1. Putting +1 on Lys and Arg Cβ atoms and -1 on Asp and Glu Cβ atoms, find which of 165, 181, 34 reaches farthest to the positive end of the dipole of the chain.
2. Please give the Cα centre distance for segment 61-120 versus segment 29-55, rounded to the nearest Å.
3. Report the dimensions of segment 84-150 along its three principal axes from the alpha-carbon atoms, largest first, rounded to Å.
4. Is there a quick way to get the dipole size of segment 23-164? I mean about its Cα centre, with the Cβ of Lys and Arg at +1 and of Asp and Glu at -1; what is the value in debye to the nearest 20?
5. What residue among 135, 99, 18 shows peak mean-square fluctuation when the chain is described by a Gaussian network model with Cα springs under 10 Å?
6. What translational diffusion coefficient, in µm²/s and rounded to a whole number, does the Stokes-Einstein relation yield for the chain at 25 °C and a viscosity of 0.890 mPa s, taking the hydrodynamic radius as the Kirkwood radius over Cα pairs?
7. Using a 10 Å cut-off on Cβ atoms, rank the peptides 34-47, 137-150 from the highest mean neighbour count down.
8. Mind putting together the pair-distance distribution for segment 1-96? All Cα pairs, 10 Å bins, whole percent per bin, short to long.
Amino acid sequence: AVNDTPTIDPLYEFSVDEDSSQTSLDFSGVTAGANESQPLRVVATSSDTNIVPDPTVTYASANATGSIHFQPLPNAHGPVEITVTVTDGGLDGDLSTPEDNGFTSQTFTLTVRPLNDPPSIAPIADVTVSEDAPEQTVNLADISSGPLEFQPVRITATSDNPGLVPNPSITYSSPDAIGSLQF
């Protein structure tokens, strides 16, 4: 007797957005091979667990279908190859004895598309000054173009009452994490 190779239908390229919630993809065509009925195991792996951890698999042996579930890590993006492997129990019908087990794999590219996260700055405390006070400086901190992002940042400030306090000026040079506001 020969252990025929198990089967799984081809899987195709797929895309999700960065920071997306858990996504499920169905797979089909799972068999132990032509005219065979060994127990089956399906696992999925990620080529880059810094973008997408290894997916979880929902599958019951002998079913022709199942699904994989994955979620990109926060702020991670880029292409990742996901490999889904079907293993059969071999001629002895035992998945725990790998010497005679057969396997096959399908790999597809999962592209996690980047999103432009909003820039950030540390909260600025309220400032109280006396009438006719000299120019005031407020320090700005934790300025960022967003998690794991490196775009240039511009900071502007306006007064809601320019008759009382004219529009403030900003001292800042991107990509520094600090700056100041003067009024």
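1. 165
2. So the two Cα centres are separated by 6 Å.
3. 92, 23, 13
4. Numbers: 3 positive and 18 negative charges, 69 e Å.
That gives a dipole near 340 debye.
5. Among 135, 99, 18, the largest GNM mean-square fluctuation belongs to 135.
6. Numbers: Rh = 20.9 Å.
Answer, rounded: 118 µm²/s.
7. Details: 34-47: 17.0, 137-150: 14.0.
Going by the mean number of other Cβ atoms within 10 Å, highest first, we get 34-47, 137-150.
8. Whole-percent P(r) values from 0 Å outward: 16, 43, 26, 12, 2, 0.
The values are calculated or read from the model by the stated rules, or taken from the named source; none is laboratory data. Predicted model, so just to flag it, every value in this text is computed and none were measured. Cβ coordinates were reconstructed from backbone atoms using ideal geometry, including for glycine residues, and neighbour counts include every protein chain displayed. What goes into the accessible areas is simple: the full protein's heavy atoms, side chains included, and nothing from ligands, DNA or RNA. Shrake-Rupley method; radii C 1.70, N 1.55, O 1.52, S 1.80 Å.
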